[in-house]
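The block underneath contains the structure these notes are about, expressed in structure tokens.
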Amino acid sequence: MATLEQQRAQDAWNKSARYTDKHRNFAKSMPALIMNSGLMQVLAFCHEKGGEHEEIARDLRHWLNRRFNGVDKDPGFEVFMEMLLLAGPRQYQMVTTEAFAWLKWLRQMASARKGSE
């Protein structure tokens with residue numbers, strides 16, 4: 001059985017396979033944006049911007065939904081935001097912490113893929 005770190009790494013590796021340079025650059029900045037503005041604000045920003053921003057947000061929502069709800073799909077922007085709005089402070093913090101952990105892998109895997117092209 002794979003550890004949680006291995007699962008994060010595998011998911012990030014798989015999702016980063018289709019990323020362009022724009023995806024990689026935004027993936028690098030996303031943790032800082034979340035630290036400064038919060039997870040919900042960044043997800044709303046990504047949804048509004050569309051393109052690679054929304055693609056990375058969709059990948060993150062997919063991972064978080066799998067991790068916390070056991071459902072291996074993206075629930076969609078509105079459903080996920082409703083889930084976060086209804087979450088208690090502890091649950092919201094757990095989701096945010098997991099987002100940082102997954103994004104750490106995404107940054108590394110996306111950069112590694114770029115180097116191997």
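What follows is calculated from the coordinates using simple rules that are stated; it is not laboratory data. For clarity, every value in this text was computed on a predicted model and none was experimentally measured. Virtual Cβ from ideal backbone geometry, glycine too; neighbours counted across all protein chains shown.
For this structure, a couple of remarks:
- Label-zone membership for segment 9-44, site residue 101, 7 angstrom Cα→C-beta point, backbone N under 12 Å: 9
- Listed by chain and number, the lysines whose C-alpha is less than 21 Å from the C-alpha of residue 22, apart from same-chain residues fewer than 8 away, are 49, 104, 114.
- In order through segment 27-40: 3J(HN,Hα) via Karplus (6.51 cos²θ - 1.76 cosθ + 1.60), integer Hz, x for Gly, Pro: 4, 5, 8, 4, x, 5, 4, 5, 4, 7, 10, x, 4, 5
- Summed side-chain charge close to residue 100 - residues other than residue 100 whose Cβ falls under 12 Å, Lys, Arg +1, Asp, Glu -1: +2
- Options 30, 17, 44, ranked by Cα towards positive dipole end of segment 1-78, top entry (Cβ charges): 17
- Gain in span if fully extended, residue 18 to residue 45, counting 0.36 nm per residue against the direct Cα distance: 7.6 nm
- Rounded to 10°, Cα long-axis angle of helix 4-16 versus longest principal axis of the chain: 60
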